[in-house]
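Comments concern the structure below.
The values are calculated or read from the model by the stated rules, or taken from the named source; none is laboratory data. Because the structure is predicted, anything quoted here is derived from the model rather than measured. Positions of Cβ are generated from backbone atoms using ideal geometry, with glycine treated the same way; all protein chains shown enter the neighbour counts. With ligands, DNA and RNA removed, areas are computed over all heavy atoms of the protein, side chains included. Shrake-Rupley method; radii C 1.70, N 1.55, O 1.52, S 1.80 Å.
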Amino acid sequence: MHTLPPFTRALMRSPAPNFAEGLTLSAPADAPDYALAMQQYEAYIEALRDCGLAVTVAPADERYPDGHFVEDAFVLYRELAFHCRSGAAARRDEGESLKAYLAHLRIVEPPPEARIDGGDVLFCADRALVGIARRTNFAGFHALRTALQSVEPDMRVDPVRFSGVLHLKSGLTELAPGVLIKDPALRADYKLDWAELITLPPEEGYAADVMPVNDTLFVAANCPQALKAATAHCARVIALDLSEFMKMDGGLTCLSLRY
């Protein structure tokens, strides 16, 4: 079993006014509201600060409408900062302007053929899972596994072919050690019988992206089954409304790099 030290920092990037021009699997029925999105974003920042994290917010960058989804640009593990190069060409350079904020870490660049989004990387209590789909390829998986095992040689890092959701963590996260929460839309070729599995009802599928922060568990608001599962496994649960980001296929983990 691998363990991480408590999170003390979070790196974020403010959404740009053109954030509704970002990439989505399907156009939302209602266009995202920027003013409401910023209110939700500020509440997210305050919730992280209430957990004791020092939050740094990089300025918005209109060149990258998806740039506030900073989790896709890097995978952080202890002193390692693995620079991801997305399978979506429009997002491939989003991490460049974040490097200055992570200069105290060991930044690792992937080989040219490697494609990976941080949203496809799920750290569990006894392994790391790397989703293989539209944004992440096997070259990206192999590069990340090599980098992670340079920090922790015995870490188990497994590829997971999946479909049905944008990123692996859009449809599967770890609610507690040995407990997974899943969107029924996620289809994967990887057996999950090593953990307790909680499958949400379809209308709450997006709440499968939960975010543990030290002794606190963040969960999507207005999802009673997800909230019930969260409170059964964690004493401190914070429910946040990110409706405007969910319209753009974003979730709780997408908006910050926690380390």
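Under the condition of being part of a loop (DSSP other than H, G, I, E, B) and among the hydrophobic types (A, V, I, L, M, F, W, C), the residues counted in the stretch 142-161 number 1. Checking 128, 143 one by one, the residue that is farther than 30 Å from residue 60 by Cα and surrounded by 15 or more Cβ atoms within 10 Å (Cβ to Cβ) is 128 and no other. Taking the listed residues 169, 191, 182, the one that is within 25 Å of residue 226 (Cα to Cα), without any contact (Cβ under 8 Å) to a residue 12 or more places away in the chain and open to solvent by 10 Å² or more (accessible area, probe 1.4 Å) is 191, with no other qualifying.
Restricting the first member to the stretch 8-32 and to residues that are more than 13 Å from residue 57 (Cβ to Cβ), and the second to residues that are open to solvent by 50 Å² or more (accessible area, probe 1.4 Å) and assigned to a strand (DSSP E or B), the beta-carbon pairs closer than 7 Å and six or more apart or on different chains are 8/54. Of all residues in the stretch 147-159, those satisfying the criterion of being surrounded by fewer than 21 Cβ atoms within 10 Å (Cβ to Cβ) and either touching a strand residue (DSSP E or B) at 6+ places or on another chain (Cβ under 9 Å) or of a type in the set (D, E, K, R) (or both) are 147, 149, 150, 151, 152, 154, 155, 156, 157, 158, 159. Is one or more of the residues making up the stretch 46-57 open to solvent by 30 Å² or more (accessible area, probe 1.4 Å), of a type in the set (S, T, N, Q) and in contact with a Phe, Trp or Tyr (Cβ under 7 Å, 6 or more places away or on another chain)? Yes, because at least one residue in the stretch 46-57 is open to solvent by 30 Å² or more (accessible area, probe 1.4 Å), of a type in the set (S, T, N, Q) and in contact with a Phe, Trp or Tyr (Cβ under 7 Å, 6 or more places away or on another chain).
Selection over the stretch 106-141 of residues that are assigned to a helix (DSSP H, G or I) and either of a type in the set (A, V, I, L, M) or at pLDDT below 95 (or both) gives a count of 1.
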